[in-house]
Amino acid sequence: MTQVKQLTRRKFLKYSAASAAMLLIGPKLWAASPEFVPDVEIKLTASTGLEAILPGKKTSVSHYRAQLIKGLASTLQTIAGSYLGPIIRINKGQKIRVHFENKLAEESIIHWHGLHIPDNMDGHPQYAIGSGKTFVYEFEVKNRAGTYWFHPHPHGKTGSQVYAGLAGLFIVSDKEEQALTLPSAQYDIPLVIQDRNFDRNNQWRYTQGMMDRMMGIQGEKILVNGNADFVLPVETRPYRLRLLNGSNSRIYKLAWSDKSEFTVIGTDGGLIERPITKSFIALAPAERVELWVDFSGKTIGSEVTLQSLSFDDGSPMGRMGMMSRMMGKGRTNKSKSFNILSTKVVKKVQHTETLPALLTPLKRLSVNDAINAKSPRRFDLTMNRMNWGINNRTFKMNEVASNERVKLGTSEVWDIRNVESSGMMGMRGAMPHPIHIHGLQFLVIERSHHKGKNATAWNDVKDGYIDDGWKDTVLLMPGERVKVLLKFEDYKGKFLYHCHNLEHEDRGMMRNYQVT
Ligand code: C2O
Ligand code: CU
Ligand code: CU
């Protein structure tokens, strides 16, 4: 506590000398409220640094650095060997205070992706703070156990700041999960998958070409936890792997090189009811999947690779072939397959852990409780004058349209459509869009496809969807229509919903919805 007071005072002195105007907005941003008694208190600083990622020159990155002010030492963990992170580990029901200090050269704000928290704590871009400022977050963790994450959310700069290295994990645990004795400690491993382009000096290129901004950035080099050619050394026992697609726009079609099946135990909003098996998994930007992977019985030295298989992403690159050649991109809509990481057995051990048949009973919402089950609220993913939008609108900081107002305490069905139409250059419904809704977790209750010319793209990935649990991000392939069931609880206010292709988001494929 004393430490916090000192911090605040130091800042106060610094800024009072700088300008009187700052004083006016100052206390709002810095002051921790005295009534709020945190179980966990952290200082999180965004700054820049140099990282050795490839052999040779270091890469300049942005990173979060954390310092524990109050709480158990196990609250803060680093992702081994990574500029990504930190991992904040917390229990459901705990209260957390985070002092976010922005030492970047530009404005920023942290968004807690997947958390159910008040709107003014959620990192809406209207709260972005300038260089040198601090924002104090205070909230109670109400989410069930799961792999949530955090990243910058200043409008128009989310893509470039995430690309530069700003992303961390917010891992919640609860009693139900602890009763299961799933693999823990060094056997519980987060894996953040990202793609990056490096120039000859090993620096990242966040290109601003028109094609990149319209389609989203894709990198040629795959990084896992910020490392190239990632190898995960494992023992002959089960692991809990928490995968996060932290890429700006790339979708992965994950599969094991030995064709073995995945055992999926969790998704965006935590554990699913029972483990399910999948021969491949479609993981879109911001989505998480938790796997139970058992290396028992394998011989020392054996290797299995996690790959991304080739699939048709339905992007208009094929149809826009000429434009693509003009831009010198040479991309096609059929992605190639590539390796993401390798696992390598390095040690024989004994263990007694077995996969639980029942993970956690899900308290599901019922469609019958939705106030609009018969006429769901409709969201069309659109394209106008080379800008992606939702219902033909793009983001305005404080704008809420009449069909974006919902009532606290009600459940609704949202009908999201990525359907092709003869819009400009026929591009509507021509790209995948991972749609994310802030402030809550929802259920995917129905998917359908119009079976038009984009059927190949849908057929390539649809068996890789995991719709069994709570979600905060859902992928819509071209031509696809998804109905989700959501409930607006506890907090009134203005929350975002948007495409989590970060270049689409930054260009305005984002809107507010208001809970009243
Ligand atoms: Cu992970 Cu509004 O985003
Ligand atoms: Cu979010
Ligand atoms: Cu999009």
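Each value in this text was obtained by applying a stated rule to the coordinates, not by laboratory testing. Quantities reported herein were computed from a predicted structural model and do not represent experimental measurements. Neighbour counts run over all protein chains shown; Cβ positions are idealised from the backbone, glycine included.
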request  = Just subtract the alpha-carbon distance of Glu489 and Lys396 from 0.36 nm times their residue separation and send over the number in nm, one decimal.
outcome  = 31.0 nm
task = Between the alpha-carbon centers of region 350-393 and region 257-284, tell me the distance in whole angstrom.
result = 17 Å
ask   = Measuring from a point 7 Å past the Cα of Arg205 along Cα-to-C-beta, which residues in region 213-255 have an amide N at less than 18 Å?
value = 213-223, 248-250
Estimated dipole of region 185-348 in Debye, rounded to 20 [Cβ of Lys and Arg +1, of Asp and Glu -1, Cα centre] = 420 debye
inquiry  = Contact order normalised by length for the chain, with contacts defined as Cα pairs under 8 Å and 6 or more residues apart; what percent is it?
reply    = 14 percent
inquiry  = Checking the cross-link filter: which lysines have an alpha carbon closer than 19 Å to that of Lys396, excluding same-chain neighbours under 8 positions apart?
reply    = Lys157, Lys494
Computed [θ] at 222 nm, helices only, for the chain once each DSSP H run of length n ≥ 4 contributes -39500 (n - 2.57) = -3000 deg cm²/dmol
task = Quick one: dipole size for region 40-179, taken about the Cα centre, charges +1 on Lys/Arg Cβ and -1 on Asp/Glu Cβ, in debye to the nearest 20.
result = 320 debye
ask   = For region 161-256, with the dipole built from +1 on Lys and Arg beta-carbon atoms and -1 on Asp and Glu ones, taken about the Cα centre, which of Ser173, Ile222, Pro183 lies farthest toward the positive end?
value = Ile222
ask   = So which GluC sites (Glu not before Pro) in region 368-465 are both in a DSSP loop and have at most 15 other Cβ atoms within 10 Å of their Cβ?
value = Glu399
key: Qualifying lysines (Cα of each under 26 Å from Cα of Lys175; at least 8 residues distant if same chain)   = Lys70, Lys92, Lys95, Lys142, Lys363, Lys471, Lys487
request  = Starting from the exponent 0.38 and prefactor 2.2 Å, build the expected Rg for the chain from its residue count and divide its actual Cα Rg by it.
outcome  = 0.95
inquiry  = Can you tell me how region 63-112 classifies by the Cα gyration tensor, rounded, prolate or oblate, using a/c under 1.5 as the rounded cut?
reply    = oblate
Bins of 10 Å, starting at 0 and running to the largest distance - Cα pair percent for region 185-348 = 10, 35, 33, 16, 6, 0
task = May I ask which residue of Gln194, Leu271, Val37 lies farthest towards the positive end of the charge dipole of the chain, with charges of +1 (Lys, Arg) and -1 (Asp, Glu) on Cβ and the Cα centre as origin?
result = Gln194
note = Most exposed first, judged by fewest Cβ atoms within 10 angstrom, Glu290, Glu220 run Glu220, Glu290
query = Cα convex hull of region 40-179: how many Å³ per residue?
reply = 107 Å³
query = Of all the C-alpha pairs in region 367-515, what % are more than 27 Å from each other?
reply = 18 percent
task = Mark the label point 7 Å from the Cα of Phe36 along Cα→Cβ and return the residues of region 129-159 whose backbone N is within less than 13 Å of it.
result = 135-141
ask   = Tell me, how many Å apart are the Cα centres for region 130-200 and for region 27-83?
value = 11 Å
Per-pair calculated FRET efficiency, R0 = 35 Å: Asn403 and Thr456 via Cβ, rounded to 0.05 = 0.60
task = Using the Cα centre as the reference, give the magnitude of the dipole from point charges on the C-beta atoms of the chain (Lys, Arg: +1; Asp, Glu: -1; all else neutral), rounded to the nearest 20 debye.
result = 980 debye
ask   = Taking +1 at the Cβ of each Lys and Arg and -1 at the Cβ of each Asp and Glu, which of Gln77, Asn387, Leu486 sits farthest along the dipole of the chain towards its positive end, judged by Cα position relative to the Cα centre?
value = Asn387
ask   = Taking every DSSP beta bridge that has both residues in the chain, what percent is antiparallel when rounded to the nearest 5?
value = 75 percent
